[in-house]
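Down below is the structure, laid out as structure tokens.
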Amino acid sequence: MSEIKTEELACIYSGLLLQDDGIEITADKIKTLLEAANITVASHWPGLYARSLAKVNIPELLLNAGSSGAAGAAPVAAATNAAAAPAAAAKKETKKEEVKKEESDDDMGMGLFD
């Protein structure tokens, strides 16, 4: 793994540790964790990740990590009654398209276990 990716991951993991313990994510606290772990990173990474992670609801992000964009839009649409019906219709259309794509692969004999 490249050095930059290692530095980025170290900052991300530090932010996750702080969030998990209910501690505010700041550049100084990320630096402290990295120093305790004997990890050296470029000086700009802790501040960059502290600002980025402070803007995000991390628990919600982790819980919705595997969901698609349509599923992420559904709660927003459900919040307003006027947008609920079009969002549901779009969701159904997306599912229909996925089913059609899978069926077309089967017709061509290109299944995974053929």
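Tell me the residue from ALA83, ALA70 that is touching a Lys or Arg at 6+ places or on another chain (Cβ under 6 Å), aliphatic (A, V, I, L, M), modelled with pLDDT under 80 and open to solvent by less than 70 Å² (accessible area, probe 1.4 Å), please.
Details: ALA83 fails: touching a Lys or Arg at 6+ places or on another chain (Cβ under 6 Å).
Being touching a Lys or Arg at 6+ places or on another chain (Cβ under 6 Å), aliphatic (A, V, I, L, M), modelled with pLDDT under 80 and open to solvent by less than 70 Å² (accessible area, probe 1.4 Å) holds for just one of ALA83, ALA70, which is ALA70.
Identify, please: which residue in region 38-57 is open to solvent by less than 40 Å² (accessible area, probe 1.4 Å) and among the hydrophobic types (A, V, I, L, M, F, W, C) and is, among those, modelled with the lowest pLDDT? Among those that are open to solvent by less than 40 Å² (accessible area, probe 1.4 Å) and among the hydrophobic types (A, V, I, L, M, F, W, C), it is LEU53. Within region 9-32, restricting attention to residues that are within 9 Å of ALA50 (Cβ to Cβ) and among the β-branched types (Val, Ile, Thr), the residue that is nearest to the chain's Cα centre (by Cα) is ILE25.
With GLU35, GLU3, GLU60 as the choices, which residue is open to solvent by 90 Å² or more (accessible area, probe 1.4 Å) and modelled with pLDDT of 90 or more? Give the derivation first.
Numbers: GLU3 fails: modelled with pLDDT of 90 or more; GLU60 fails: modelled with pLDDT of 90 or more.
Sole residue among the options that is open to solvent by 90 Å² or more (accessible area, probe 1.4 Å) and modelled with pLDDT of 90 or more: GLU35.
The values are calculated or read from the model by the stated rules, or taken from the named source; none is laboratory data. Because the structure is predicted, anything quoted here is derived from the model rather than measured. Note that each Cβ is placed from the backbone with ideal geometry, even for glycine, and that neighbours are counted across all protein chains shown. Side chains included, ligands, DNA and RNA excluded: accessible areas come from the protein's heavy atoms. Shrake-Rupley method; radii C 1.70, N 1.55, O 1.52, S 1.80 Å.
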